[in-house]
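Here's the structure, in structure tokens; my notes come after.
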Amino acid sequence: MKDALNAFIPHDEVHLAGAPEGPLKGLRFAAKDIFDVAGHTTGCGNPDWLATHAPAAKTASAVAKLLDAGAVLVGKTITDELAYSINGQNFHYGTPVNSRAPGRIPGGSSSGSAAAVAGGLADLALGSDTGGSVRVPSALCGLYGIRPSHGRVAIDGVMPLAPSFDTVGWFARDAALLARVGGVLLGEDTARLPAGAARLTDAFALAAPAVQAALEPLAERAEALLGRRPPLEVGGLEEWMAVFRKLQAREVWAQHGAWIETVRPRFGPEIRARFEWARAVAGQPPGPEVQRRTAFSGRMTGLLQDAGVLLLPTAPDIAPLRGLEGPASQSFRDRALSLTCIAGLARLPQVSLPAEARVNGCPVGLSLIGPRGSDRALLALAAQLS
């Protein structure tokens, strides 16, 4: 395949035929290079990881299910190093092209998967979402994307980052296909969507005014379809983002600290600084973050029961220009994580839909959050709104 988008890994070609029949027959899919494919080494976005790991003995369940459903695997896609970023700029392999916003980042860490779908090199693609790695690229690349309820999709054969947050998500260019993939990967729902829809006002306040305006028509359609409920606040989003980051950092270092200390891999500057921070957090006595997460999850369950489906911007702004670094990079990351930490901390499903309106020619996304276990109903709602 010609890869003018730099979406696919350069060090291996992976192509597998799907089953002759199935609900995804003949559709092309890509998988982020943290998903195992038997006989191939999973690179996880870092050459030293690639060099120090053996080929996979077994294919990840999520990949195998799509193959069994008739889809064709056309390649593995570039990821941020060890999936620890939401920007999509890989120090070693470059930045996949965001064809929907030329000259701008695609978002990460599932950057190659988003770029491949947005640019038509795949019909759908698997990514992972720990802190926003499917949701943010969905918004920045004008795609439909889902972070499922935590634990809803089998995650065996996928490199862990922070297991209590890690999920398998996916991208598509239309909501109907996003839902068809859900029919293959999700199983039956265990919860129903509540009646009504409510905006999270403090989440909208984190978005640029032009983004808020562009999302208005889609948010109004959702409210008209479900029934408008009074807007509400989550409260303390920046503080909840800090809780998420500390919990994530402890889990990240527990997963990868020993390998980093032994191998001393070469990381890009921002990823290196992030792992150094994770090491420092892990070396401190645990704080109250676990208990606070439990309380937050209970609060979100109550909000969903009282207010219905929650509406919020997926990302705070349009895709930043390529080469984003330093304070500008940190500012975008912090605002984005303040939005994405809501579903992550509470283990809730979140679907991102592209708005019809654009901002400076770039796509933006509106998100729907539902109760844990309502994933397929949330996908069906997204299809109604598309």
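The values are calculated or read from the model by the stated rules, or taken from the named source; none is laboratory data. Values in this document were obtained by computation on a predicted structure and should not be read as measured data. Note that we place each Cβ from the backbone using ideal geometry, even for glycine, and neighbour counts take in every protein chain shown.
Each residue in region 334-370 was checked for being touching a strand residue (DSSP E or B) at 6+ places or on another chain (Cβ under 8 Å) and assigned to a loop (DSSP other than H, G, I, E, B), and 6 pass. Go through region 195-225 and give me each residue that's farther than 14 Å from Ala382 by Cα and more than 22 Å from the chain's Cα centre (by Cα). Those that are farther than 14 Å from Ala382 by Cα and more than 22 Å from the chain's Cα centre (by Cα): Ala195, Gly196, Ala198, Thr201, Pro209, Ala210, Ala213, Glu216, Pro217. Of the helices (runs of 4 or more DSSP H) lying entirely inside region 175-271, those containing at least 2 residues that are in contact (Cβ under 8 Å) with a residue 40 or more places away in the chain and among the polar types (S, T, N, Q) span 237-263.
Only one residue in Ala62, Ala51, Ala69, Ala101 is of a type in the set (A, V, I, L, M) and surrounded by fewer than 19 Cβ atoms within 10 Å (Cβ to Cβ), so which one is that?
Working: Ala62 fails: surrounded by fewer than 19 Cβ atoms within 10 Å (Cβ to Cβ); Ala69 fails: surrounded by fewer than 19 Cβ atoms within 10 Å (Cβ to Cβ); Ala101 fails: surrounded by fewer than 19 Cβ atoms within 10 Å (Cβ to Cβ).
Exactly one of Ala62, Ala51, Ala69, Ala101 is of a type in the set (A, V, I, L, M) and surrounded by fewer than 19 Cβ atoms within 10 Å (Cβ to Cβ), namely Ala51.
Kindly indicate the residue of region 20-30 that is charged (D, E, K, R) and part of a loop (DSSP other than H, G, I, E, B) and also surrounded by the most Cβ atoms within 10 Å (Cβ to Cβ) among those meeting that condition. Here the residue is Lys25.
So that you can scan it fast, the table gives a plain yes or no per residue for (1) modelled with pLDDT of 95 or more; (2) hydroxyl-bearing (Ser, Thr, Tyr):
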{"position": "Gly344", "(1), (2)": "yes, no"}
{"position": "Pro349", "(1), (2)": "yes, no"}
{"position": "Leu353", "(1), (2)": "yes, no"}
{"position": "Asn360", "(1), (2)": "yes, no"}
{"position": "Ser367", "(1), (2)": "yes, yes"}
{"position": "Gly370", "(1), (2)": "yes, no"}
{"position": "Leu378", "(1), (2)": "yes, no"}
{"position": "Ser386", "(1), (2)": "no, yes"}
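Within region 245-293, the residues that satisfy the criterion of being farther than 19 Å from Thr52 by Cα and of a type in the set (A, V, I, L, M) are Leu247, Ala249, Ala273, Ala278, Ala280, Val281, Ala282, Val290. Scan region 125-132 and tell me whether some residue there is in contact with an Asp or Glu (Cβ under 8 Å, 6 or more places away or on another chain), of a type in the set (Val, Ile, Thr) and buried (at least 24 other Cβ atoms within 10 Å of the Cβ). Scanning region 125-132, I find at least one residue that is in contact with an Asp or Glu (Cβ under 8 Å, 6 or more places away or on another chain), of a type in the set (Val, Ile, Thr) and buried (at least 24 other Cβ atoms within 10 Å of the Cβ), so the answer is yes.
Scanning region 47-104 for residues that are of a type in the set (A, V, I, L, M, F, W, C) and farther than 20 Å from Asp36 by Cα gives Ile86, Phe91, Val97, Ala101. Return the residues of region 296-333 that are assigned to a helix (DSSP H, G or I) and among the basic types (Lys, Arg); say none if nothing qualifies. Passing the criteria: Arg299, Arg333. On the given criteria, is Leu310 closer than 28 Å to Pro371 by Cβ, of a type outside the set (Gly, Ala, Ser) and touching a Ser or Thr at 6+ places or on another chain (Cβ under 9 Å)? Judged against the criteria, Leu310 is a match.
Conditions tested, residue by residue: (1) closer than 24 Å to Ala249 by Cα; (2) in the same structural domain as Arg173 (by TED's automatic domain parsing); (3) in contact with a helix residue (DSSP H, G or I) (Cβ under 9 Å, 6 or more places away or on another chain).
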position	(1), (2), (3)
Leu66	no, yes, yes
Thr77	no, yes, yes
Ala83	yes, yes, no
Asn87	yes, yes, yes
Asp129	yes, yes, yes
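Is it the case that region 273-291 has a residue that's over 20 Å from Leu237 (Cα atoms), out of contact with any Lys or Arg (no Cβ under 9 Å at 6 or more places or on another chain) and crowded, with 19+ Cβ neighbours inside 10 Å? The answer is yes; a qualifying residue exists. Within region 318-333, residues that are surrounded by 12 or more Cβ atoms within 10 Å (Cβ to Cβ) sit with their Cβ atoms under 6 Å from residues that are of a type in the set (Ser, Thr, Tyr), at 6+ positions apart or across chains, in these pairs: Arg322/Thr95. Picking from residues in region 133-160 that are of a type in the set (Ser, Thr, Tyr) and in contact with a Ser or Thr (Cβ under 7 Å, 6 or more places away or on another chain), the one that is surrounded by the most Cβ atoms within 10 Å (Cβ to Cβ) is Ser138. Filtered by the rule that a residue be out of contact with any Asp or Glu (no Cβ under 8 Å at 6 or more places or on another chain) and surrounded by 17 or more Cβ atoms within 10 Å (Cβ to Cβ), region 230-241 gives a lone residue, Trp240.
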